[in-house]
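Every read-out reported here was derived from the displayed coordinates using simple, explicitly stated rules and does not represent laboratory data. Everything numeric here is computed off the predicted structure, so don't read it as measured data. Using ideal geometry, Cβ is built from the backbone for each residue, glycine included, and neighbour counts are taken over all protein chains shown.
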Ligand code: ADP
Ligand code: ASP
Ligand code: MG
């Protein structure tokens, strides 16, 4: 007999008819000889309705009361589903997060699961009942017993966490689409179903805007090796499997907070090429990386920061062996850029061999603003200057001087409790996989830029440390290449993205600090969108970036920021270009299928 955890999302239980249909499916799964725990979301869009009610009363409602309010949605659906099962003569019992023993941090509206006391649940299972659990909610530990929620979309996380704690045979996430698709079918109906995706790819996809899975659910599945499938509750098709490598043994206590950083990676075989003061208009990144790709040179990090005076900097790293070729391409392009009418100053190529890349990685850093800040602080305390920063949701990479690399890795391993023997070398090149699996669009971010931050150790640490104390999760962080001397002090710009609702809080928090550390202006832009391509196959596959940038250039879409990790490239574009950008990029990588995906209303 297998133990299965099934999760049904809002649309899957959006009406009485749907609840009855789901009950039939559950009863059938039990008749096939399985033991079942079922996690449900609130019906349809009812969580949105509750949020709207709160907003009618307050523009900034207390987070505790929000949890009290939003947790009610799931209580409705578990009771109704339990009744529907009982009507089918299937014994069932509904339990809230607290009743089922889901213990979380006391962090309202974004609590992480600490542990699940499964004894009550197991007792009901032994009695032959289907246990119907309210998703998205838990209770803070013993003294306070406060109702908490896990963050929007968190029922997926409840389900996978239960599967981990119960050592379930599999976890099935039922939703309104046939599985994980190459992109959001509501924007691109020709999106194609993937039979399988790695947890690492899915983590990037989910945190870059593909709402089909909560990224923290993917993280738990990967950490504990839970077989996870995403499938439609409207059909019997097999859906998409999310695959994980065999996990290392892990404790179930402190489930979601145990270890934010799994590894420290260093790469000393890197060199940096930067093009400074190039014109800020569509097509520049495309032609630069197009020429590099035509020489079959593979690039690693690419960073393009915000512009000032209509110019941009693009910096990238390559392995040292191909530096000469990359430099030649950049030098060949620069003269043409120099004659651009928009450039107020001369474009220039800069090369640095004496660099190293050092990165921390781990899915546990998603939504935990303190982790990047801790990395910067650790490096600052060791007197190590950070030349470039590039982040993905699960990785923070810094470029430092090569001579400081060993010391940097030592202090980081110590700070994040990583054995130095566990230092990871650059990722190996997977074979036989397409370079790009999926494309995602995130329209909920805002961009902040702090101009003229003094170029000395400790600045990034102070900025992101402060945001962490305000509990603001920072997404893409970019520290520019350009050094501008202001009052005899070399400075660099730092730009990053945050959730739109956090943008003004971040600006206010930073404006005081900016004065004390002598930075320039803070610029906020809410009208941005982030378009990303994801795929493990892009490692060691020259030309992927060029193809991405040229798809945007062809549509005259200007790229405002670029960040990369090994398996993703993200571009920030104007919000008004977001949907078009997603469509053209999906097409450029030939990801469309023949049939259109139908999403139930
Ligand atoms: P549920 O209520 O079942 O949790 P969600 O709305 O959270 O459903 O997630 C399913 C939705 O995710 C789909 O309807 C689709 O619009 C959206 N989506 C975005 N990106 C993707 C993708 N790459 N694959 C599948 N669905 C996606
Ligand atoms: N009902 C919650 C939400 O809408 C949780 C979920 O559906 O996963 O965000
Ligand atoms: Mg969801």
Discussion item. Modelling each spin label as a point 7 Å along the Cα-to-Cβ direction, I'd like the residue 99/residue 152 distance in nm, to one decimal.
Written reply: 2.8 nm
Practice prompt. Run a plain Debye calculation on the chain (Cα atoms as equal point scatterers, no solvent) and give log10 I(q)/I(0) at q = 0.05, 0.06 Å⁻¹, rounded to two decimals, same order as the q list.
Written response: -0.22, -0.31
Worksheet item: On a 0 to 90 degree scale, rounded to 10, what angle separates helix 155-166 from the longest Cα axis of the chain?
Response: 70 degrees
Discussion item. At q = 0.10, 0.11, 0.14 Å⁻¹, what log₁₀ I(q)/I(0) does segment 219-296 have when each alpha carbon counts as one equal point scatterer in the Debye sum?
Written reply: -0.63, -0.71, -0.83
Worksheet, complete the sentence: Averaging 1/r across every pair of distinct alpha carbons in segment 53-206 and inverting yields a Kirkwood hydrodynamic radius, in angstrom, of 17.3 Å
Worksheet entry | Label-point separation, residue 281 to residue 336 (7 Å along Cα→Cβ), nm | 1.3 nm
Response to the item:
The residues 57, 78, 93, sorted from fewest to most surrounding Cβ atoms within 10 Å, come out as 57, 93, 78
Worksheet item: Once both axes come from the Cα atoms, what is the angle between helix 46-57 and the longest principal axis of the chain, in degrees from 0 to 90, rounded to 10?
Response: 70 degrees
Discussion item. On a full-extension model of 0.36 nm per residue, what is the gain between residue 253 and residue 410, subtracting their alpha-carbon distance, rounded to one decimal in nm?
Written reply: 53.7 nm
Discussion item. From the helices alone, meaning DSSP H stretches of at least four residues, give me the mean residue ellipticity at 222 nm for the chain, per-run term -39500 (n - 2.57), in deg cm²/dmol to the nearest 500.
Written reply: -10000 deg cm²/dmol
Worksheet item: Tell me, what is the FRET efficiency for residue 500 and residue 15 to the nearest 0.05, using R0 = 30 angstrom and their Cβ-Cβ distance as r?
Response: 0.45
Fill in: DSSP bridge pairs, the chain: antiparallel proportion in percent, nearest 5
75 percent
Discussion item. Given R₀ = 45 Å, what would the calculated FRET efficiency be for residue 75 paired with residue 269, taking r from the Cβ atoms and rounding to 0.05?
Written reply: 0.20
Item to complete: Sort 82, 119, 244 so that the residue with the fewest other Cβ atoms within 10 Å of its own Cβ comes first and the one with the most comes last.
Response: 119, 244, 82
Discussion item. Return the equivalent ellipsoid semi-axes of segment 8-142 as a descending list in whole Å, where each equals the square root of 5 times an eigenvalue of the C-alpha gyration tensor.
Written reply: 28, 19, 9
Fill in: Rg(Cα) / (2.2 N^0.38 Å) computed for segment 80-154, rounded to two decimals
1.18
Discussion item. Compute the angle between helix 578-588 and the longest alpha-carbon principal axis of the chain, please, reported from 0 to 90 degrees and rounded to the nearest 10.
Written reply: 90 degrees
Worksheet entry | Radius of gyration and maximum dimension Dmax of segment 452-516, Cα, Å | 12.1, 37
Worksheet entry | Extension gain (nm, one decimal) between residue 295 and residue 469, 0.36 nm per residue minus Cα-Cα | 58.0 nm
Fill in: Ranked 155, 565, criterion: other C-beta atoms within 10 Å, fewest first
565, 155
Practice prompt. Sticking with the crude label model, points 7 Å out along Cα→Cβ, report the distance from residue 89 to residue 599 in nm, one decimal please.
Written response: 4.0 nm
Worksheet item: residue 521 to residue 348: FRET efficiency via 1/(1 + (r/R0)^6), r the Cβ-Cβ distance, R0 22 Å, to the nearest 0.05?
Response: 0.35
